[in-house]
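Contents: one structure, followed by commentary.
The values are calculated or read from the model by the stated rules, or taken from the named source; none is laboratory data. A quick note: this is a predicted structure, and the numbers were derived from the prediction, not measured. Virtual Cβ from ideal backbone geometry, glycine too; neighbours counted across all protein chains shown.
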Amino acid sequence: MSVNHYFTFNYVQPEEYHFSHDSVFLARQVFESFTDDLQNMTALDLCAGCGIVGLDFLFHCKSAGKRMPASFDFLEVQSIYREYFEQNLHGFGSRLPLVNFLNHNYDILKAEYNQYRYDLIMSNPPYFRVNQGILSPSEFKNRCRFFIDSDFKNLIEAIDNTLKPHGSAYILLRDLQNHGVNPLDEARKILGGKRSISVVDDIRGTPLVLIK
C-alpha cells in the first residue's frame, strides 16, 4: 500500500482508467531533486494523460513559492484526455506558466524543429510491449498501458532529440526482466553514449531513471 503525503487537489480523470500513485510520487521526487532555477526553462510532461505529473509538479512549485518554468507542454496521443486536462487546469487556480496541451504521438518530437526544445522532461510512459500480457477489450485502456501508437525506441529517441544539451529527463522505467527485457540497458544502447542515463530512485518498485 502507498500513501501520498503531499496532497495537491482532486483530479478529474476517465472512469475507465485511473492514474496510479506512481505519477504523483514522480512529480514530488522531481520537485525535490531538481534544484536549478526554473524561471526561464521549458518543461514537458510526456505521455501526459490528464496532466497529473506536470500539474502536480507545478502545484508543488506554487505551494513552496518557487518560480515555475516559463512554459510547460503536456503531450498526449489520446484526444479523450484533453477535456479532463482542461478541467484539471481550471481546478489548479491562478498563477500558471504558459501551458499547452499537445495532442500528438511522441514521434513528433523527433522532427528537426523540435530539437533541443526542453530543459526538463518528466514521463510516466506505458510500460509493456504488445506481446507482454493480455490486452483489454478497451482500446483506450490498452493505449494507457502498452506501447501501441509507437514503441520504446522512438520514445527514447524523441527524448534525446528534444532535450537540451544540459537538460534533464526523469522517466519511470519498469523492470521487465520476467519478459526478457531490460529497459535501462535497451535505453543505453539506443542513446549510444550520447547522454548519461542512470537510476536515481525507486518509486513503488519502479526505477526512476535520469537522462542527462
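Name the one entry in Val77, Val99, Val53, Val3 that is touching a Phe, Trp or Tyr at 6+ places or on another chain (Cβ under 6 Å) and either modelled with pLDDT of 90 or more or not hydroxyl-bearing (Ser, Thr, Tyr) (or both).
Val99
Taking the stated definitions as given, is Leu38 within 19 Å of Tyr170 (Cβ to Cβ) and touching a Lys or Arg at 6+ places or on another chain (Cβ under 9 Å)?
It is true that Leu38 is within 19 Å of Tyr170 (Cβ to Cβ) and touching a Lys or Arg at 6+ places or on another chain (Cβ under 9 Å).
Would you please list the contacts, defined by Cβ atoms under 9 Å and residues six or more apart or on different chains, that run from a residue in the stretch 164-181 that is over 15 Å from Leu46 (Cβ atoms) and in a loop (DSSP other than H, G, I, E, B) to a residue that is of a type outside the set (Gly, Ala, Ser) and at pLDDT 75 or above?
Arg174/Pro183; Arg174/Thr206; Arg174/Pro207; Asp175/Asn182; Asp175/Pro183; Asp175/Leu184; Asp175/Thr206; Asp175/Pro207
In the stretch 163-212, what residues are polar (S, T, N, Q) and closer than 22 Å to Ala27 by Cα?
Ser168, Ser196, Ser198, Thr206
Taking Glu112 and the conditions (1) of a type outside the set (Lys, Arg); (2) closer than 15 Å to Glu157 by Cα; (3) buried (at least 17 other Cβ atoms within 10 Å of the Cβ), which numbered condition does it fall short on, given that it satisfies the others?
All conditions are met except number (3).
Out of the stretch 69-87, which residues are more than 21 Å from Leu120 (Cα to Cα) and among the polar types (S, T, N, Q)?
Gln78, Ser79, Gln87 - these are the residues of the stretch 69-87 that are more than 21 Å from Leu120 (Cα to Cα) and among the polar types (S, T, N, Q).
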